[in-house]
Amino acid sequence: MKALCWHGKKDIRFDTVPDPTIEHPRDAIIKVSSCAICGSDLHLYDGFMPGMERGDIMGHEFMGEVVEVGAENKRLKVGDRVVVPFTIICGECDQCRRGNFSVCERSNRKKDLADKAFGHSTAGLFGYTHLTGGYAGGQAEYVRVPFADVAPVKVPSTLSDEQVLFLGDIFPTGWQAAAQCEIEPTDTVAIWGAGPVGQFAIRSAILMGARQVIAIDRLPERLSMAAAAGAITINFEEESVVERLNELTAGKGPEKCIDAVGLESHATRSLDAIYDRAKQATMMETDRPHVLREMMYVCRPAGILSIPGVYGGLLDKIPFGAAMNKGLTIRMGQTHVNRWTDDLLQRIEEGQIDPSFVVTHTAPLSSGPEMYKTFRDKHDGCVKVVLKPGH
Ligand code: NAD
Ligand code: ZN
Ligand code: ZN
């Protein structure tokens, strides 16, 4: 089959690779109808995440049709149309039973690597680093889904791929980012990053009834998309974010702050040095935590910082004293996708939100290498890319 494979920094190739096969009786094989490129894929593309190997199949946002099921899989049948969450979950361990799916204790087949890097293992992820299992991803014609009798979400044929695809990652990610802010009707929610995750966080915060939602980015097309949803916008290249946020909140600061940027905001220089260190160590150092710094300084005392943005290793120069003295609550993590999918699918079916708004580019899987570049460089008004295998 054909798949997009990682060959090193800024080197994604459209390769021919072996078809996946059932390896465990709970597995299923999915024929991918649509997949997407995520901001998290860019951390691999940029070479910021340790633990990638040449030839790894990329992609953790995908959906399609079940074409084969293992003998013990009683939940799926051939022909089912499913969206597959990016977090692989066993459904049975202590953490899965508590709904803490992104820290499933059994789905990471390379626990030893994760233990070393993080102190404990976290869930297996599709198409991500070997610290999270090194599972083949879904930017491919076919993909093997482990524990496929637990996480895949069956979706009705009345909804298009573009309406349901993002249930596997960025919609629940934006939703969880807002949910963990415990939004009150009087709240101002400030969201750094108006990329795909930021866009869903903005719409989620609005659906949750925030008084004022403020989106911060530098890209006009992304800020316009945020404004169309009802957000106030700040272009961080044109004005001081901290000053403007204080102005918009009568000097008190936003109660709730969301970092929907992650590594990108820190990694603006010495990329090669960072990459070399990342290859040597299991952890990676960066030294420019702009977004986190701004959030900690500007957040109203007793407020909440919610961090869906992905970080790979050590961070330096965080104003921890500000966070401590102001009594801030900090929540972060990979998304517990299956905690939210039933509710969010229902909201899509009811027409409360149509996630397809975020798609600006649709292309065949074979154009993946160029589309990675377009999405990475934010060219051509690109907000979200959907790729179609077999075209
Ligand atoms: P993206 O790269 O498309 O968007 C990031 C946006 O942040 C860009 O629009 C960029 O212009 C903006 N930005 C950069 N520096 C900024 C700054 N200093 N202030 C304000 N904005 C700034 O990525 P995305 O797909 O939207 O993903 C965003 C983050 O969410 C990434 O770190 C990604 O890895 C992470 N993510 C996390 C989860 C999870 O489970 N926690 C899931 C999906 C994605
Ligand atoms: Zn993602
Ligand atoms: Zn589990």
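We did not get these values from a lab; they are worked out from the coordinates using the rules stated. Since the model is a prediction, treat every value here as computed from it, not as a measurement. When we count neighbours, we look across all protein chains shown, and the Cβ atoms used for this are built from the backbone with ideal geometry, even at glycine.
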Förster-model FRET efficiency, 45 Å R0, Arg75 and Glu238, C-beta, rounded to 0.05: 0.30
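Give the Rg/Rh ratio for the chain, taking Rg as the radius of gyration of the Cα atoms and Rh as the Kirkwood radius, to two decimals. Before the final figure, lay out each step's value.
On the way: Rg = 19.9 Å, Rh = 21.0 Å.
Result for the chain is an Rg/Rh of 0.95.
Output the peptides 227-234, 1-8 sorted from most to least packed, where packing is the average of other Cβ atoms within 10 Å over each peptide's residues.
Working: 227-234: 18.0, 1-8: 21.1.
Highest-to-lowest ranking by the protection proxy: 1-8, 227-234.
Neighbour counts of other C-beta atoms within 10 Å: give me Asp15, Asp149, Asp187 arranged from fewest to most. Could the numbers behind the result be given before it?
Numbers: Asp15 15, Asp149 18, Asp187 22.
Going from sparsest to densest Cβ surroundings: Asp15, Asp149, Asp187.
Compute the signed sum of charges (Lys and Arg +1, Asp and Glu -1) over the other residues within less than 14 Å, Cβ to Cβ, of Ala229. Intermediate results must be reported in sequence, preceding the final value.
Details: positive: Arg203, Arg222; negative: Asp217, Glu221, Asp354.
Local charge sum for Ala229: -1.
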Shape category assigned to segment 1-148 from the gyration tensor of Cα positions, a/c cut at 1.5: oblate
With label points built 7 Å along Cα→Cβ from the Cα atoms of Lys116 and Lys10, find their separation and express it in nm. 2.9 nm
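With n ≥ 4 as the cut-off for DSSP H runs, can you work out [θ] at 222 nm for the chain, using -39500 (n - 2.57) per run divided by the number of residues, rounded to the nearest 500?
Details: 13 runs with 110 residues, N = 391.
One gets -7500 deg cm²/dmol as the mean residue ellipticity at 222 nm.
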Going by C-beta contacts inside 10 Å, put Leu314, Leu42, Leu125 in order with the fewest on the left. Leu314, Leu42, Leu125
Please give, to one decimal in nm, the separation of the simple spin-label points placed at Met324 and Glu92, each 7 Å out from Cα toward the Cβ. 4.4 nm
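For the chain, what proportion of DSSP beta bridges, expressed in % and rounded to the nearest 5, is antiparallel?
Working: 30 of 57 bridges.
Of those bridges, close to 55 percent are antiparallel.
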For Ile89, list long-range residues whose amide hydrogen, built 1.01 Å from N in the peptide plane, is under 5 Å from its own amide hydrogen. Ala151
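For Glu349 and Lys317, what is the calculated FRET efficiency with R₀ set at 45 Å and r taken between the beta-carbons, to the nearest 0.05?
On the way: r = 46 Å, r/R0 = 1.01.
With a Förster radius of 45 Å, E is 0.50.
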Integer Hz, Karplus 6.51/-1.76/1.60 couplings in order for segment 29-45, x for Gly and Pro: 10, 10, 8, 6, 9, 8, 9, 9, 9, 10, x, 5, 4, 5, 5, 6, 4
Amide H to amide H, which residues 5 or more places from Val213 or on other chains are under 5 Å from it, using H placed in the peptide plane? Val189, Ile232
What does the net charge come to around Pro20 if you take all other residues with beta carbon closer than 15 Å to its beta carbon, with K and R at +1 and D and E at -1? -3
What are the residues whose amide H is under 5 Å from the amide H of Ser33, where those residues sit 5 or more places off or on another chain and H is modelled from the backbone? Met63, Gly64, Glu65
Near Lys388, which lysines are there with a Cα under 16 Å away, not counting those fewer than 8 places off in the same chain? Lys2, Lys31
Counting other beta carbons within 10 Å of each Cβ, put Ile89, Ile202 in order, fewest first. Ile89, Ile202
